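Participant: Got a structure here, written out as structure tokens. Questions coming.
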Amino acid sequence: MTRHFLRDDDLTPDEQNAVLDLAAEMKADRFKYKPLAGPRSVAVFFDKVSLRTRLSFEAGIAELGGQPMIVDTHATHFGRGESLSDAGRVVSRYVAAMVFRTTGDERLTELASDVNVPVINALTDGFHPCQLLADLLTIRERLGSPRGRKLAYVGDAANNMAHSYLLAGATAGMHVRVAGPSGFDPAPQVVAHAAEIAAWTGGSVEVLRDPFEAADGVDVLATDTWTSMGQEDDGRDRLTPFWPYQVNGKLLGAAADDAIVLHCLPAHRGEEITDEVMDGPHSAVFDQAENRLHAQKALLAWLLGVNSQ
Ligand code: CP
Ligand code: NVA
């Protein structure tokens with residue numbers, strides 16, 4: 001069975017740890033590892049726009065000795081009738097791996113349904129697991145092992161980042177709290193699965209309403225945009241209910257003294273995060289963005305390795 005990375009919980013705790021160890025090694029000796037030398041190609045498909053994901057995959061694949069093929073799917077048959085399953089079967093004959101940023105998770109699953117090369121989730125409406133590998137690498141660098149550490153994610157608790165913090169944080173053995181306004185809660189099945197994982201790893205998950213209760217004493221305070229890609233015209237008020245969840249100096253004051261602040265970016269400064277916090281001494285957001293590169297290189301190398309065994 002080909003191993004893919006479609007959701008954060010596709011990696012066991014040991015596997016997640018192995019990928020993060022490899023990412024740290026790769027970061028320390030950036031141009032040493034060449035598992036795609038040949039070069040072999042990796043196709044990276046985008047149904048949605050991107051800066052970090054696109055460029056970090058493009059640079060990372062090149063650094064691994066491979067050839068990145070960055071594809072805006074509007075220029076393909078993806079949107080005009082060819083099934084994603086057929087497209088996946090075709091492209092898998094050209095490449096060593098596929099990466100896909102899309103809308104519904106079912107589109108990603110369909111692309112991966114009948115292929116024998118690894119498929120990686122580069123963000124769906126449901127999850128953003130590559131981002132979480134970068135976040136966990138950043139936590140390791142700043143605070144040491146994530147195991148037993150407390151993390152609060154505040155803001156849109158129904159979005160992909162909230163879901164990925166729940167699953168990946170629980171996998172890492174963290175105590176994960178998510179807090180957002182009424183109507184913006186995480187999917188119950190994701191919370192339930194994260195709780196199952198946490199029971200195994202010694203972590204925990206909590207869904208809260210009060211942002212100060214969530215931030216109280218945490219080691220990591222994280223947020224994300226209040227309006228994810230594709231939600232711009234959904235007719236919901238995405239400002240008024242969210243103001244109490246802004247990551248500002250007051251909310252950060254509730255966290256531990258040495259807490260770090262994460263944001264996957266792009267940030268809407270003055271909305272979900274203030275300049276003061278984003279540019280302040282607790283912010284790790286630019287290391288976090290850099291770590292996309294190292295984490296994804298490690299993920300690709302690890303998947304190619306396990307799939308060749
Ligand atoms: N964090 C992140 O995925 O950024 P992009 O949308 O720019 O890729
Ligand atoms: N939740 C955001 C993340 C962007 C990287 C979105 O989906 O737009």
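The values are calculated or read from the model by the stated rules, or taken from the named source; none is laboratory data. These numbers were taken from a predicted model, which means no experiment stands behind them. Every residue, glycine among them, receives a Cβ derived from its backbone with ideal geometry; neighbour counts consider all protein chains shown. When the accessible area is computed, the model is the full protein with side chains, heavy atoms only, and any ligands, DNA or RNA have been set aside. Shrake-Rupley method; radii C 1.70, N 1.55, O 1.52, S 1.80 Å.
Participant: Over all Cα pairs of the chain, how is the pair count split among 20 Å bins, expressed in % and running from 0 up to the last occupied bin?
Facilitator: Once binned at 20 Å, the Cα pair distances of the chain give 35, 58, 7.
Participant: Right, here's the next one. Can you give me the accessible area per residue for the chain, using a 1.4 Å probe, in Å²?
Facilitator: Spelled out: the 1.4 Å probe surface of the chain, per residue, equals 40 Å².
Participant: Right, something else. Which helices, taking whole DSSP H runs in the chain, have alpha carbons extending 24 angstrom or more along the helix axis plus mean Kyte-Doolittle at least 0.0?
Facilitator: 285-307
Participant: A further question follows. About its Cα centre, how strong a charge dipole does the chain have in debye, to the nearest 20, once Lys and Arg get +1 and Asp and Glu get -1 at the Cβ?
Facilitator: That gives a dipole near 960 debye.
Participant: With Kirkwood's inverse mean 1/r over C-alpha pairs for Rh, give me the Rg to Rh ratio of the range 4-161, two decimals please.
Facilitator: Radius of gyration relative to Kirkwood radius: 0.97.
Participant: Now, a different point. Determine the calculated [θ] at 222 nm for the chain from helices alone, applying -39500 (n - 2.57) to every DSSP H run no shorter than 4 residues and normalising by the residue count; nearest 500 deg cm²/dmol.
Facilitator: Taken over the chain, the calculation gives -11500 deg cm²/dmol.
Participant: Can I ask one more? What value in Å³ per residue do you get for the convex hull of the alpha-carbon atoms in the range 162-211?
Facilitator: Roughly 55 Å³ of hull volume per residue.
Participant: Only four residue types carry charge here, +1 at the Cβ of Lys and Arg and -1 at the Cβ of Asp and Glu. Report the dipole size of the range 45-145 about the Cα centre in Debye, rounded to the nearest 20.
Facilitator: Computed about the Cα centre, the dipole is about 220 debye.
Participant: Measure off 7 Å from each Cα along the Cα-to-Cβ vector at SER113 and TRP243, then give the distance between these two points in nanometres to one decimal.
Facilitator: My value for the distance between the label points is 4.7 nm.
Participant: Ranking request for peptides 285-296, 105-116: highest mean number of other beta-carbon atoms within 10 Å first, then the rest in descending order.
Facilitator: With the highest mean Cβ count within 10 Å placed first, the list reads 285-296, 105-116.
Participant: Return the FRET efficiency for the residue pair PHE286, GLU196: r is the Cβ-Cβ distance, R0 is 45 Å, and the value is rounded to the nearest 0.05.
Facilitator: Computed FRET efficiency for PHE286 and GLU196: 0.85.
Participant: Hey, another quick one. Please report, as a whole percent, how much of the solvent-accessible surface of the range 152-287 comes from carbon and sulfur atoms (probe radius 1.4 Å).
Facilitator: Heavy-atom surface of the range 152-287 belonging to carbon and sulfur, 1.4 Å probe: 53 percent.
Participant: Same structure again: Take ASP21 and ARG93, extend 7 Å from each Cα along the Cα→Cβ direction, and tell me the distance between the two endpoints in nm.
Facilitator: 3.9
Participant: Once you've got the Cα coordinates, tell me which of LYS27/LYS48; LYS48/LYS250; LYS150/LYS297; LYS27/LYS150 are over 32 Å apart.
Facilitator: Over 32 Å apart, Cα to Cα: LYS48/LYS250.
Participant: Given that compact globular proteins tend to follow 2.2 N^0.38 Å, what is the ratio of the alpha-carbon Rg of the range 249-309 to that value?
Facilitator: My calculation over the Cα atoms of the range 249-309 gives 1.54.
Participant: Enumerate the aspartates and glutamates that LYS32 could reach by cross-link, defined here as Cα to Cα under 14 Å, with residues fewer than 8 away along the same chain left out.
Facilitator: GLU63
Participant: Continuing with the same structure: Over the chain, with a Gaussian network built from C-alpha contacts below 10 Å, which listed residue (VAL90, VAL261, VAL247) shows the highest mean-square fluctuation?
Facilitator: Of VAL90, VAL261, VAL247, the most mobile in the Gaussian network model is VAL90.
Participant: Still on this structure, please answer the following. Looking at the range 187-270, I'd like the Rg to Rh ratio, where Rg is from alpha-carbon atoms and Rh is Kirkwood's inverse mean 1/r.
Facilitator: For the range 187-270, the value is 1.00.
Participant: Also: Considering amide H positions built from the backbone, and no H for Pro or chain starts, which residues 5 or more places from SER41, or on another chain, come under 5 Å of its amide H?
Facilitator: Counting only residues 5 or more places away or on other chains, the set is GLN67, ALA96.
Participant: Measuring from label point to label point, each 7 Å out along Cα→Cβ, what is the GLN67 to ARG80 span in nm?
Facilitator: Result: 2.5 nm between the two label points.
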